[in-house]
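Worksheet: the structure to be examined is printed underneath.
Rule-based calculations on the coordinates, nothing more; no lab input. Being a predicted model, the structure only gives us computed values, none of them experimental. As a convention, Cβ positions derive from the backbone with ideal geometry for all residues, glycine included, and neighbour counts pool all protein chains shown.
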Amino acid sequence: MGQSILTDKIPRFIIDANSVASGNEYRIVDASVEFRIGTGTWRILTDDEIRWHFRLHTEVAAWLEGEFKNSWVWN
């Protein structure tokens, strides 16, 4: 509940699931995209997994594209 200032600044994207199944959560930490299901363990997506999101035009790919564009504006 009480997140630190650092974790509050980490870009996150959550795909909500119904009340039966847990949703998927993605975040960008340093130069990595991390993923977890529900409250499970975070793992780093491989380059191939990220490429598949872009090939399939998923919501995750759209979110990542927006985050990448935003990072160019501020850097």
Item to check | Residue-span extension gain [residue 47 to residue 30] - 0.36 nm each, minus C-alpha spacing | outcome: 4.6 nm
Checklist entry - With r defined as the distance between the Cβ atoms of residue 39 and residue 70 and R0 fixed at 25 Å, what FRET efficiency is calculated, to the nearest 0.05? => result 0.40
